[in-house]
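What follows is one structure encoded as structure tokens, with my remarks underneath.
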Ligand code: SF4
Ligand code: SF4
């Protein structure tokens with residue numbers, strides 16, 4: 001049974017408390033479109049709850065109305081007393097408000113789902129925050145194995161069920177992959193009791209967004225993958241494969257300058273930087 | 001000497017009993033308040049005992065006669081003893097009656113002793129083993145001390161040694177009967193049982209002189225508007241006081257244990273032990289004293305609790321483990337069989353509510369099913385817009401187009417299930433053959449909330465129920481017909497408390513009516529041997545045992561009854577979300593049920609519930625096919641003869657049987 005996380009206890013003073021912020025958004029059910037906890041964000045909260053020494057603050061930046069409240073309460077139902085709300089009008093760039101708030105609080109770990117279930121859903125938020133705060137970012141986590149002495153050991157999800165163990169110095173931002181453990185059930189009682197505490201923050205209009213036209217995504221026909229596999233193992237591999245880049249190289253034991261040089265060159269080659 | 005001793009002994013025993021009673025009442029009063037009508041309840045005891053309780057006890061003739069003799073003899077003897085020996089009113093007939101009463105009680109206690117010689121496993125041992133001796137001690141010594149009082153023996157008969165021995169035996173008897181009654185001995189059941197009858201949480205379950213139905217099976221709603229009200233039961237003191245009183249009435253007869261499908265399957269549940277654990281929790285302590293069968297696979301003596309301590313611990317052990325509570329199929333076999341009218345299912349769901357609503361700990365697929373219900377209004381997570389795909393070619397009339405119909409056909413979530421779709425299609429064929437004016441809600445229908453409620457998610461249940469009630473209130477119809485007993489039960493018995501009163505019929509009942517009205521005609525039955533499985537939610541929950549059998553009879557089928565059928569039918573294992581929480585045991589409940597089917601030699605089992613169909617058809621290597629009644633009827637349909645009139649008039653005698 002999950003431990004009673006209603007009241008996160010401060011551990012004995014020898015184990016320092018780990019300040020965690022879990023960014024949560026309003027999700028959208030894939031079949032009915034009803035508001036709900038976003039699956040990846042909820043997995044992120046679950047990761048935070050699995051850290052024994054963590055003290056987690058739920059933060060949502062965005063619109064606040066009856067529907068979004070219902071969905072946000074889903075996170076409270078995982079056993080939280082409150083949720084911090086940075087209220088933003090529709091069409092704001094929430095990365096600004098979040099960045100300011102995070103600078104203010106100075107948490108050690110920020111956990112977010114890889115991408116939102118509605119809105120832009122570009123998955124850019126974590127990168128924007130990392131850029132602004134100057135923190136390292138690890139993408140696509142499957143687990144956080146350990147946090148000790150300011151360093152987190154994490155497992156990153158790779159295609160075909162592979163994992164990569166990484167160490168990252170805190171403070172850091174991590175995003176969560178669908179390979180992370182499923183979120184625990186949201187219970188009605190704590191969800192109803194929990195409070196959404198609004199902080200007044202400035203909103204920054206997302207200029208780029210306002211110039212875009214939005215339309216519902218069309219279902220596109222899927223290109224059939226023609227698998228010429230000789231064995232069952234190959235067929236399975238083809239079916240389980242995630243999109244992979246072709247080339248790439250692993251650099252190890254290089255100086256930061258050499259590393260930066262290599263990345264710069266790649267970005268140029270790919271036409272990202274001109 | 002006895003003359004002076006007796007009044008003192010009797011007065012002492014009575015005084016101790018009163019003190020004990022007061023202490024016992026205080027234990028019950030730890031529970032939450034529940035309004036009862038005091039005088040009306042007390043006045044109802046005799047009828048509830050003699051009619052309703054006895055109705056259950058009398059299923060075992062031997063025991064019922066034993067109990068009548070012992071209990072009747074005791075009550076009479078106790079009252080008379082106070083008059084004769086306590087107040088010295090031996091003159092006249094009183095003393096003789098007392099002799100007769102104690103003799104009757106003695107005869108009864110001999111039978112109790114005989115039964116205790118090789119007691120079946122379901123009976124508790126421990127202190128219960130001394131009960132026959134105590135009963136004999138009381139009855140014999142009462143008889144003996146009364147002999148001089150009526151003049152059959154001289155006043156100074158025997159020596160003072162004899163008097164002393166007699167007094168000692170009497171003290172033992174008095175101790176068990178008066179002192180033990182209120183201080184927690186086996187005789188406690190009489191005291192608590194009588195009050196439980198008076199203040200039962202479901203007064204509607206008792207018959208009335210006017211011939212009430214005497215059935216009350218719908219779960220009681222939680223008040224979700226009151227944010228202070230607790231969500232279910234966390235500690236024993238979260239039960240209402242009359243629930244606690246009910247637990248205390250248990251005689252540990254183990255009838256519930258004997259019929260519990262989860263217990264038989266080796267899942268960690270025993271309804272008797274569960275009730276005893278609640279008593280342990282109420283008084284505080286460990287279950288080490290319990291002297292009956294344990295929860296399968298869980299040794300006795302490792303659990304403990306207190307009135308204000310948790311029943312289920314989040315971590316480690318408390319009074320009861322969670323898997324015990326999740327093993328229950330809510331089949332109500334235990335409630336049906338309990339002579340003390342204890343409501344096991346209410347208690348189990350109360351505790352589940354807390355685990356789901358506060359802990360968020362619905363096991364296995366439970367959380368997923370509840371999430372689906374919240375997001376898609378059906379447990380499978382299917383697109384609500386796909387609910388009618390199975391009937392794309394049937395052009396079913398929609399309520400949204402028609403606005404009214406005589407019959408609203410409630411489809412249930414079986415609409416998404418390929419197996420049940422065959423049943424639904426058959427049912428539509430039957431309704432059309434009988435020219436029934438019906439319509440369906442189509443995509444406007446939602447899950448009835450049955451599973452959510454049994455899994456303890458009262459919030460989701462009420463949300464679904466309220467939206468269904470709002471939808472139903474838009475249309476006009478005379479009755480709802482459904483082939484799903486769970487929907488039947490919820491719509492008919494549980495929506496009322498939330499403002500939705502409907503007349504609901506199971507399809508078997510409705511088909512029986514159509515047949516009686518001469519609207520259906522069947523080709524003669526050519527198949528093999530058929531047995532019928534009573535779904536819990538149709539039979540025990542709603543008392544419908546006859547209609548399905550009448551339909552089968554009309555089809556020309558002679559039902560080869562299983563040993564456990566009718567009100568004793570054994571659950572298919574699919575109710576109460578048990579198929580979702582799926583607590584492991586030694587065997588599976590549906591396998592046992594198919595074993596019952598096999599024993600009749602039937603090669604087909606007729607059912608009337610999508611859940612039973614799914615569970616029984618899921619049994620591998622079974623010897624019988626599973627068919628819904630609607631399918632059998634649809635297959636046998638022939639053109640109704642033009643001359644066919646109302647069968648209930650055309651064939652007088654048959655009408656009596658099928659009504
Ligand atoms: S709960 Fe009822 S049926 Fe079960 S042992 Fe107690 S009295 Fe008997
Ligand atoms: S309702 Fe059925 S499964 Fe549950 S305890 Fe009673 S007999 Fe056992």
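The values are calculated or read from the model by the stated rules, or taken from the named source; none is laboratory data. Just so you know, these numbers come straight off a predicted model, no measurement behind them. Methodologically, a virtual Cβ is constructed for each residue, glycine included, from the backbone with ideal geometry; neighbour enumeration extends over all protein chains shown.
Some notes on this structure:
- Test: residue in the range B:542-562 that is in a loop (DSSP other than H, G, I, E, B), within 13 Å of ligand 2 (Cβ to nearest atom) and out of contact with any strand residue (DSSP E or B) (no Cβ under 8 Å at 6 or more places or on another chain): no
- Selection within the range B:226-256 - within 16 Å of ligand 1 (Cβ to nearest atom) and over 13 Å from residue B:277 (Cβ atoms): B:242, B:243, B:245, B:246, B:249, B:251, B:253, B:254, B:255, B:256
- Residue count for the range B:142-172 under the criterion of being surrounded by fewer than 22 Cβ atoms within 10 Å (Cβ to Cβ) and under 23 Å from residue B:21 (Cβ atoms): the result is 2.
- In the set (1) part of a strand (DSSP E or B); (2) touching a residue at least 24 places away in the same chain (Cβ under 8 Å); (3) surrounded by 19 or more Cβ atoms within 10 Å (Cβ to Cβ), residue A:154 fails one condition alone, (2).
- Set B:406, B:445: member being more than 14 Å from every other protein chain (Cβ to nearest Cβ), touching a strand residue (DSSP E or B) at 6+ places or on another chain (Cβ under 8 Å) and under 30 Å from residue B:345 (Cα atoms): B:445
- Whether a residue is within 14 Å of chain A (Cβ to nearest Cβ) and part of a loop (DSSP other than H, G, I, E, B) was assessed, and residue B:385 does not pass this test.
- Checking residue B:10 against (1) within 14 Å of residue B:240 (Cβ to Cβ); (2) in contact (Cβ under 8 Å) with a residue 12 or more places away in the chain, the condition it does not meet: (1)
- Residue within the range A:170-182 that is within 14 Å of chain B (Cβ to nearest Cβ), surrounded by fewer than 20 Cβ atoms within 10 Å (Cβ to Cβ) and at negative phi present: yes
- Residues satisfying the stated conditions in the range B:282-316, i.e. within 14 Å of chain A (Cβ to nearest Cβ) and surrounded by fewer than 21 Cβ atoms within 10 Å (Cβ to Cβ): B:310, B:313, B:314, B:315, B:316
The rows are residues; the columns are (1) away from ligand 2 (no atom under 16 Å from the Cβ); (2) assigned to a loop (DSSP other than H, G, I, E, B).
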{"site": "B:210", "(1), (2)": "yes, yes"}
{"site": "B:218", "(1), (2)": "no, yes"}
{"site": "B:223", "(1), (2)": "yes, yes"}
{"site": "B:228", "(1), (2)": "yes, yes"}
{"site": "B:246", "(1), (2)": "no, no"}
{"site": "B:266", "(1), (2)": "no, yes"}
{"site": "B:269", "(1), (2)": "no, yes"}
{"site": "B:274", "(1), (2)": "no, no"}
{"site": "B:295", "(1), (2)": "no, yes"}
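- Search result, residues across the range A:125-183 that are within 14 Å of residue A:44 (Cα to Cα) and more than 16 Å from the chain's Cα centre (by Cα): A:145
- Qualifying residue in the range A:176-186 (condition: under 23 Å from residue A:49 (Cβ atoms), in contact (Cβ under 8 Å) with a residue 60 or more places away in the chain and not in a loop (DSSP other than H, G, I, E, B)): yes
- Any hit, the range B:301-310, residues being at pLDDT 95 or above, closer than 26 Å to residue B:451 by Cα and in contact with a helix residue (DSSP H, G or I) (Cβ under 8 Å, 6 or more places away or on another chain): no
- Sole residue being buried (at least 21 other Cβ atoms within 10 Å of the Cβ), more than 16 Å from ligand 1 (Cβ to nearest atom) and in a helix (DSSP H, G or I), chosen from B:370, B:408: B:370
- Residue in the range A:51-64 that is within 14 Å of chain B (Cβ to nearest Cβ), under 26 Å from residue A:96 (Cβ atoms) and modelled with pLDDT of 95 or more present: no
- The one condition in (1) closer than 25 Å to residue B:582 by Cβ; (2) away from ligand 1 (no atom under 13 Å from the Cβ) that residue B:221 fails to fulfil: (1)
- Test: residue in the range B:324-336 that is part of a loop (DSSP other than H, G, I, E, B), surrounded by fewer than 22 Cβ atoms within 10 Å (Cβ to Cβ), within 16 Å of ligand 2 (Cβ to nearest atom) and not assigned by TED's automatic domain parsing to the domain that holds residue B:566: no
- The single residue among B:258, B:265, B:163 that is farther than 27 Å from residue B:36 by Cα and under 18 Å from the mean Cα position of the chain (by Cα) turns out to be B:258.
- Being within 28 Å of residue B:457 (Cβ to Cβ), within 15 Å of ligand 2 (Cβ to nearest atom) and in contact (Cβ under 8 Å) with a residue 40 or more places away in the chain is a property that holds for residue B:320.
- Residue within the range B:352-360 that is part of a loop (DSSP other than H, G, I, E, B) and more than 9 Å from chain A (Cβ to nearest Cβ) present: no
- Of all residues in the range B:331-349, none that is within 14 Å of chain A (Cβ to nearest Cβ) has its Cβ atom under 7 Å from the Cβ atom of a residue that is near ligand 1 (Cβ under 10 Å from one of its atoms) and assigned to a loop (DSSP other than H, G, I, E, B), 6 or more apart or on another chain.
- Which numbered condition residue B:319 misses (of (1) more than 16 Å from ligand 1 (Cβ to nearest atom); (2) modelled with pLDDT of 95 or more; (3) closer than 24 Å to residue B:30 by Cβ; (4) within 14 Å of chain A (Cβ to nearest Cβ)): (4)
- Residue match in the range B:31-46 (condition: part of a helix (DSSP H, G or I) and under 17 Å from residue B:215 (Cα atoms)): yes
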